[in-house]
Amino acid sequence: MDKDAIRSILATDCGSTTTKAILIEKRGDEFRLVVRGEAPTTVEAPAEDVTRGVLNAVAEVAELVGRPLIDDQGRLIQPYDGTQGVDVYLSTSSAGGGLQMMVAGVVRQMTAQSAERAALGAGAIVMDVLSSNDRRRPHEKIERIRQLRPDMVLLSGGVDGGTQKHVVELAQLIGAADPRPRLGTSLRLPVIYAGNREAREQVQAVLGERTALEVVENLRPSLEEENLQPARLKIQHQFLEHVMAQAPGYPRLMEMVDEPIMPTPAAVGLIMQRVARERGISLVGVDIGGATTDVFSVFGGVFNRTVSANYGMSYSISNVLADAGLEDVFRWVPFELPEGELRNRIKNKMIRPTSIPYLVEELMIEQALAREALRLSFDQHRLLATGLKGVQRQSDIASMFDQGASGQSLVDLMGLDLLIGSGGVLSHAPRRAQAAMMLMDAFLPEGVTRLAVDSIFMMPQLGVLAEVHPEAATQVFEKDCLVELGTCIAPVGPARPARRVLSGRIGQAGFTLDQGQLKLLPLGPGEVARAVLVPERGLDVGAGRGQVLECEVHGGEVGLILDGRGRRPFSLPPEKAARLRALAQWNRALDLYPRGPVGNSDRGVPDRLAGEVTGG
């Protein structure tokens, strides 16, 4: 494909409920987003043909752009001739539940954890992790495989040249289960073997006749080495060939696209990695949906992804309350609320997942739950995004076998440069300051961190586009996708209440910040200022405890946020009245909530919080 000849690019993302289409075109010397359309996904009954939803979304794009994109036979018009059609069509998909996998490894803290990272990085939801030392009996593991019916299994175990017994036993369990894939039940289950190369023949003998077995390089060739890319690439290939090919309508969609269909989370991961690499930064990204929350990170060039399959804002919202607990949810609600009323609102959201808040009070409750869903998902991510203890240094056998459990997390909040939020509750928050506050409260960024949101969730399409036209993907990401919110500055360390924690200068203007304060300074989109940050003794803002930091800070739609509420530890006042006063002060500092129904300035703030929200 000649990149220089490409002028018009159509890309779709087939989600579980909605199919989104975007049209990107070259305007002058750069590519920009032109229009966006969407339609219900049609992978399930009664349509049972994913291409119908795709064509409906494309038809909306065609109407908005004012030129034909589909011919009378329902086919895309290619190439673009200046009056009709497009040059390239690409797609990602998570329809039908996305890619659902099981992984297996000999040692849970080593090869099984590496296999889990490989599957997650390929865009899969990991349904369960089997290992030789997970304390389940063989018949329990067999029954578990049969119950879950995954789309695919990744089998790993043993370093190259090491013992073969345990990984062969895992292969025998998979063979004994003889699972039927979720889609295409008459076909054989795809199994990828990425373990000890010395055991390949034995694994082939056990699984070769019963499954669609593929063999790749060992993902853990030695105790101190991890090689995940071959397994990830093979997972994506098998996803396309064995899983997507069986879903209703996907064979036709696979013929329509100019590049292989990619799992939605894998595509988001690609654009995250590209941005981190091009900017030379560390970043964390989150996509919070109705049923699941994905967290992505790039630190030191190492990419990690996790999916919290039970934390979302509609279908899984009850799980957020159950795992966070009432106390942690209530701590973000800035008004008195009976426990029964909170539970009823959550159940209503679960059974009416497409409903959106109308009153400000409802919005506050939803955003309180979003904070906890994001926090819980990020905690899970930090546990999995670990380095391998002992890499490039000497270590004894005992420490090697404990490296998965004791490996230090790669997530370094003080070293985090950019935090990106995506998903309806963040991208479509009525005020951008609300999105910034949710990110700050959930992730507690330290030092100097830029905040941003995905404007309309186009990162999946840009991820697959990056494989075809990297420059176009980067230009659209920078100009149309990423909405810069501003910069958060948060000193780290213990401080006494109402005592000074930070002072300094932003440009020519001086400032001070006390413990417990939140301040907003004006700094608009595209504006950059020189900052001199002077933390008090014992506090760190990025240069070390008590050390002055000079750096550039970037503005955004919210501005520059000085967060003196504390890090390590961060805690809200335990006494209810003091907590409500603190929340009201912080809400006023960022002007978070309007007076009335969302988008209406005349009415709707409940009496029990009107004075606090407005400062009256």
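Going by average Cβ density within 10 Å per residue, which order do the peptides 410-423, 460-473 take, highest to lowest?
In decreasing order of mean packing, 410-423, 460-473 become 460-473, 410-423.
Consider just the alpha-carbon atoms of the chain and return their Rg together with their Dmax, both in angstrom.
25.4, 76
Just to compare against my own numbers: the Cα pair-distance distribution for segment 1-138, 5 Å bins, whole % per bin, please.
Cα pair-distance distribution for segment 1-138, in percent: 2, 9, 15, 15, 12, 11, 9, 8, 7, 5, 4, 2, 0.
Once every DSSP H run of n ≥ 4 in the chain is given -39500 (n - 2.57) and the sum is divided by its residues, what mean residue ellipticity at 222 nm do you get, rounded to the nearest 500 deg cm²/dmol?
Calculated from helices alone, the mean residue ellipticity at 222 nm is -10000 deg cm²/dmol.
How much of the accessible area of the chain, in percent, comes from carbon and sulfur atoms when a 1.4 Å probe is used?
46
Counting alpha carbon pairs within less than 8 Å and at least 6 residues apart, what relative contact order, in whole percent, applies to segment 243-371?
16
Largest first and to the nearest Å, give the Cα extent of segment 1-59 along each principal axis.
Taking the Cα atoms of segment 1-59, the three principal extents are 44, 22, 17 Å.
If you roll a 1.4 Å probe over the heavy atoms of the protein chains, what accessible area per residue do you get for the chain, in Å²?
Accessible surface, normalised per residue, equals 41 Å².
For the chain, what is the percent of antiparallel DSSP beta bridges, rounded to the nearest 5?
Beta bridges within the chain, antiparallel portion: roughly 60 percent.
Which whole-number percentage describes the relative contact order of the chain, with Cα contacts under 8 Å and a sequence gap of 6 or more?
11
Semi-axes of the equivalent ellipsoid for segment 408-460, please: Cα gyration tensor eigenvalues, times 5, square-rooted, ordered largest first, whole Å.
Those come to 21, 13, 9 Å.
With only alpha-carbon pairs counted, each pair once and no self-pairs, how large is the Kirkwood hydrodynamic radius of segment 112-206 in angstroms?
The answer is 13.8 Å.
Of the peptides 567-580, 18-31, 131-144, 326-339, how do they stack up when ordered by the mean number of other Cβ atoms within 10 Å, highest first?
The densest-packed peptide leads the list: 18-31, 326-339, 131-144, 567-580.
Before anything else, pin down the relative contact order of segment 39-145: Cα pairs under 8 Å, at least 6 apart, normalised by residue count, whole percent.
About 16 percent, as a whole number.
The values are calculated or read from the model by the stated rules, or taken from the named source; none is laboratory data. Only a predicted model underlies this, so the values are computations on that prediction, with no experimental measurement involved. Note that each Cβ is placed from the backbone with ideal geometry, even for glycine, and that neighbours are counted across all protein chains shown. Each accessible area value is taken on the protein alone, full model and side chains, heavy atoms only, with ligands, DNA and RNA left out. Shrake-Rupley method; radii C 1.70, N 1.55, O 1.52, S 1.80 Å.
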